[in-house]
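To keep things clear, I will list the structure first and then write my remarks on it.
The values are calculated or read from the model by the stated rules, or taken from the named source; none is laboratory data. Not measured: the values here are computed from a predicted model. As a convention, Cβ positions derive from the backbone with ideal geometry for all residues, glycine included, and neighbour counts pool all protein chains shown. These accessible areas exclude ligands, DNA and RNA; they are computed on the full protein's heavy atoms, side chains included. Shrake-Rupley method; radii C 1.70, N 1.55, O 1.52, S 1.80 Å.
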Amino acid sequence: MPSEILGLFTTPEQYQQNQLAQARSRAFQEVQLDPFQQAALGARTAGYQFGQAVGGALGGQDPQLQRITQRQQLLGMIDPSNPDSYAQAIQAALQTGDQEAAFLLRNEMMKVRQQAQEQEMQGFKRTDYLTQRGVGMRDQGLTNRANELIGQLKNSDGTINEQVKAELLSFPQGRTAISEQAKVLPDLRRLGAAGAVEDDPFKIFAQDATIPTNVRTLATQYSNSLTKGMIDPEKVDAKVKELTDMTQRIQQFDQNQAQIKSNQALMDSYKQQGLQTSQAYLAIAQSNNSLAQQNAAFNRQMKSDEVVRKAEEKANKPLRPDLAKDEEADYTRASEARNLAVEAYDYVNSIKAGNIKFGLKDRASIAARSALGSNDPDVVARNDFERFKTRLVNESLRLNKGTQTEGDAARSIKELQGAESEVDAAKAINTLAELNARKVSDAQKSIERRRVNAGSRLPEVPIETLRFEPQTFTQQDVDAFLKNPKYPSGSIFVDPKGTRRVKP
């Protein structure tokens, strides 16, 4: 540490040189200007140096020189990069009765701590800025890639392409695209169970030994909740900021406490000397009062935050294992029913567009060409439809078994199996699409009812229900739709040719 940081901390050599210069000056003023002037001045100076040497040999020492030597020892105890090292030097100064040095060291310690705190705050601000900027940025290239993959998600037989699904789940834009399409997962809460683990920023706090213990404990709780799908990914950044702010406040609290302790030691020393009314004492007391008020406000904020967190934990308490298992089954059924309903609705539109042939001659021709391995578009379309029809029948029976819609599903399946025309087939498939769409809504209601009864908060990302545009298959259906008061003016429907129209 340079001696100029604390003005009184000069070296013994500097002090002795200064004393020697003063002796020479006094001697010069006292000696008359005669031929023996220079000789007398030299004698005076030599005498001063001899006196200093004799005094030291006899055990005497200049009190000021002794204090300077002690202060140099104090400086040797300080690491300028470590504000806490000042506390030991301040204590040593108080023990030797050097109040002035203790006060100067205390002021220097406060200055160094403030600089360290400002640097730390700047570091946090940079981290926050980069985090916020990273969260806010959207890579258009990845978004385009996600849209491209969504189109490849389903195989030609209607099953999910697992390789495409895995790639979509590997980056944020892909997961968002899956959530929006609702083809594979009903929401993002279950990404971990789907084989793609969400990035866990809470581990940065939980695994850092320099972070306060209570912050690391809270970060570990958040990390576990994120893994279990109990935290909405959209709220992760807010919780990361919460941990960052909490860390900064606790570190500031600890610094304030250390400063209060150091200040109190100085104040006790002043009291012993009867200097309670001195300017230095009053300044230290005012500083302690200000720091104590800051820490009291911190404690109030911590208690308030704790109340909010406990309320959130209570609302987010995990379901019992048996209820969680039932909820998982609901999510699975909802996902399967959604996929089946969307695909069925697509086939209704495909039939209306004439892509699948139902005439007797067409079916005979297709059967013959299919036996010969033809890849004609109408052959491929009809074969795909037959495979889907089999899967639609089996899955609809399974998903509706034991429910109020089981009878409706059975009747529609019977109609589909006996359909000889485009209209009959499209109507039966449309009914099954609507029944399976209802299963998605039923699953969401089941989850909500279960959570309410268990005293848990509703899912932050609910299952997205399906709403299909009304289909008409004959002119009679169109007329009935236009007269039906259930559908107000402006309602969109699909006419028998597959064209979307607006009710006048």
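Restricting to segment 85-95, name every residue that is modelled with pLDDT under 80 and open to solvent by 50 Å² or more (accessible area, probe 1.4 Å).
Correct list: Gln88 only.
Across segment 430-459, which residue is nearest to the chain's Cα centre (by Cα) among those that are polar (S, T, N, Q) and over 22 Å from Ser396 (Cβ atoms)?
Filtering first and then ranking leaves Ser456.
Sort through Gln207, Gln221 and tell me the only one that's modelled with pLDDT of 75 or more, closer than 30 Å to Asp254 by Cβ, touching a Phe, Trp or Tyr at 6+ places or on another chain (Cβ under 9 Å) and open to solvent by 50 Å² or more (accessible area, probe 1.4 Å).
Gln221
Could you pull out the residue among Glu420, Glu415, Glu395 that is in contact with a helix residue (DSSP H, G or I) (Cβ under 6 Å, 6 or more places away or on another chain) and either assigned to a loop (DSSP other than H, G, I, E, B) or open to solvent by 70 Å² or more (accessible area, probe 1.4 Å) (or both)?
From the options Glu420, Glu415, Glu395, the qualifying one is Glu415.
Can you pull out the residues in segment 280-306 that are within 15 Å of Met246 (Cβ to Cβ) and at pLDDT 85 or above? Lay out the reasoning, then the answer.
Step one: filter segment 280-306 for residues within 15 Å of Met246 (Cβ to Cβ), giving 295, 297-306.
Passing the criteria: Asn295, Ala297, Phe298, Asn299, Arg300, Gln301, Lys303, Ser304.
Across segment 350-363, what is the total count of residues that are open to solvent by 60 Å² or more (accessible area, probe 1.4 Å) and over 24 Å from Arg500 (Cβ atoms)?
4
Filter segment 245-268 for residues that are open to solvent by less than 10 Å² (accessible area, probe 1.4 Å) and hydroxyl-bearing (Ser, Thr, Tyr) and give the result.
Selection gives Thr247 alone.
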